Amino acid sequence: MSTPSQAKTGMIDFRGVNKWFGPLNVLKDITLSVEPREVVVVCGPSGSGKSTLIRCINGLETIKDGDLIVDGQRLGDPATNMTLLRTEIGFVFQSFNLYPHKTALENVTLAPIHVRKIPRAEAEQAGRDLLAKVGLADKVNAYPSQLSGGQQQRVAIARCLGMRPKIMLFDEPTSALDPEMISEVLDVMVAVAEEGMTMMVVTHEMGFARKVAQRVVFMDAGAIVESGTPEAFFSAPKTDRSRAFLSKILRH
Amino acid sequence: MIWQQLQSLAGSYPLALRGLGMTVMLSLISLVLGTALGFGLGILRTGGNRLISSVIGAWVDLIRGTPFLVQIFLIFFILPEFGIELGAFTAGIIALTNLAACFICEIVAAGIRSVPTGQVEAALASGLSRWQRMRQVVLPQAMRIVLPPLVGQYVLLIKDSSVVSAIGLTDLTRVGWLVVQRVPNGLLVFFLVGVGYFIVCYPLIMLARRLERRMGQAHGEVQL
């Protein structure tokens with residue numbers, strides 16, 4: 001997709017991005033570049049702006065100033081077709097947001113059929129394969145209300161994968177889950193990462209970060225405070241704020 | 001005594017049928033048109049365009065805040081002053097459709113607003129267009145909230161249609177007025193008129209109750 005002149009930009013490129021909610025500066029001078037196939041984990045205390053950060057990437061939030069370039073296209077540019085760009089970006093929500101009136105399979109096939117215009121039979125076959133891949137072959141015709149939280153989140157991941165996106169964004173995908181369901185979701189995310197997906201994951205699951213992330217970004221009060229490899233970040237955090245944060249989440 | 005009076009009413013049977021037919025016809029046409037218009041207005045009302053939304057809101061408030069009888073008079077007697085001549089039937093249909101659309105607009109808008117933001121965001125994130133989001137994600141879930149009060153509103157509108165008798169349409173209510181001039185037993189005549197309305201409305205009342213029960217069992221979508 002990217003033109004030669006933009007060859008050096010990453011898959012996701014924040015350049016001096018700022019965002020305000022009223023008087024509150026929720027994103028402060030964010031500069032961050034995510035390479036293709038890279039997995040970046042974003043962590044930080046609640047209210048630090050990490051969800052807002054990834055919600056900007058697919059335009060669920062708009063930015064005030066700075067540049068945000070995704071897959072070679074500048075957000076907010078009149079030439080950028082946001083609806084089209086969104087088809088390249090999967091987004092997994094904390095609260096799953098499955099369509100309650102549609103079965104697992106229908107959740108997965110809705111966008112491929114209506115947006116990608118893939119023939120129904122083909123989309124359904126692909127949808128069954130994806131649901132099998134996330135371990136839900138037997139839940140194809142179940143409604144979200146009949147599934148556990150972990151199962152719902154796996155359907156939500158399959159729903160994103162059904163669009164064959166270039167980027168997957170995860171907004172605290174395991175925070176709403178009972179502890180015993182967290183690993184089944186993380187396992188699926190690890191599998192997606194290992195297939196070479198470009199991913200940004202807002203999570204406090206440090207095991208996941210150690211396993212697949214190339215980089216951990218630590219945010220506090222709307223700014224990126226520290227960024228480095230998982231080993232460096234966990235074993236030798238450089239700032240007081242990241243040390244304080246780590247001591248809280250690693251206590252148990 | 002009652003029997004005699006009933007017999008004297010038997011002659012009015014064809015007239016009563018015509019009146020019932022007129023009531024059903026008026027209600028049916030204006031409910032179909034009003035539902036279509038009401039859904040359109042309800043979708044626009046929640047569509048995010050401030051100007052359109054507030055214009056619709058103002059109109060709905062105006063119509064809900066004035067007596068239907070006054071609205072009918074305005075359409076039937078005042079519009080001709082401005083050169084718009086309408087037959088009684090057309091005026092009745094316009095007035096009832098407008099009334100239905102306004103009430104249904106608010107019911108639909110409330111239903112749409114009840115769908116969690118996360119649903120819209122999920123649809124948005126997967127690249128569904130505005131219309132696809134409405135058609136595939138929002139409306140099916142809004143219908144759960146919309147259907148029971150919608151059917152209830154139909155009942156109210158069918159009863160409101162009795163007001164068209166004021167501009168000379170021979171509906172069920174007007175038949176009552178005509179007959180009572182010949183048969184001096186208003187109680188009996190209007191009892192029968194009431195029975196006529198009840199026969200039309202009762203199935204809808206039952207339907208509304210049934211929908212309300214079904215709401216709890218469905219997976220976010222209620223079908224008739």
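The values are calculated or read from the model by the stated rules, or taken from the named source; none is laboratory data. As the structure is a computational prediction, the values presented were derived from the model and not from experiment. All Cβ positions, even for glycine, are placed from backbone atoms using ideal geometry, and neighbour counts span all protein chains on display. With ligands, DNA and RNA removed, areas are computed over all heavy atoms of the protein, side chains included. Shrake-Rupley method; radii C 1.70, N 1.55, O 1.52, S 1.80 Å.
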Item to check | 1 or more residues open to solvent by 20 Å² or more (accessible area, probe 1.4 Å), touching a residue at least 24 places away in the same chain (Cβ under 8 Å) and more than 30 Å from A:Pro23 (Cβ to Cβ): qualifying strands (runs of 3 or more DSSP E) within the range A:171-247 | outcome: A:215-220
Checklist entry - Can you tell me which residues in the range B:47-68 are open to solvent by less than 40 Å² (accessible area, probe 1.4 Å) and closer than 18 Å to B:Arg113 by Cβ? => result B:Gly47, B:Ser53, B:Ile56, B:Gly57, B:Val60
Checklist entry - Which residues, counting only those in the range B:117-153, are open to solvent by 40 Å² or more (accessible area, probe 1.4 Å), farther than 19 Å from A:Gly59 by Cβ and within 10 Å of chain A (Cβ to nearest Cβ)? => result B:Arg135, B:Met143, B:Arg144
Next on the checklist: Just to be sure I understand, how many residues within the range A:37-49 are open to solvent by 10 Å² or more (accessible area, probe 1.4 Å) and either modelled with pLDDT of 95 or more or basic (Lys, Arg) (or both)?
Outcome noted: 2
Checklist entry - Of the numbered conditions (1) open to solvent by less than 20 Å² (accessible area, probe 1.4 Å); (2) more than 9 Å from chain B (Cβ to nearest Cβ); (3) closer than 20 Å to B:Ser129 by Cβ, A:Leu53 satisfies every one except a single condition; which is it? => result (3)
Next on the checklist: So A:Val70 ticks every box in (1) open to solvent by 40 Å² or more (accessible area, probe 1.4 Å); (2) closer than 29 Å to A:Ala221 by Cβ but one. Which box is left unticked?
Outcome noted: (1)
Checklist entry - Which one is farthest from the other protein chains (Cβ to nearest Cβ) among residues in the range A:84-128 that are in contact (Cβ under 8 Å) with a residue 24 or more places away in the chain, over 17 Å from A:Pro144 (Cβ atoms) and surrounded by fewer than 20 Cβ atoms within 10 Å (Cβ to Cβ)? => result A:Ala126
Checklist entry - For the subset of the range A:129-150 comprising residues that are open to solvent by less than 30 Å² (accessible area, probe 1.4 Å) and over 23 Å from the mean Cα position of the chain (by Cα), which member is nearest to the other protein chains (Cβ to nearest Cβ)? => result A:Ala142
Checklist entry - Does A:Met168 satisfy the criteria of being outside any helix (DSSP H, G or I), within 14 Å of chain B (Cβ to nearest Cβ) and in contact (Cβ under 8 Å) with a residue 12 or more places away in the chain? => result yes
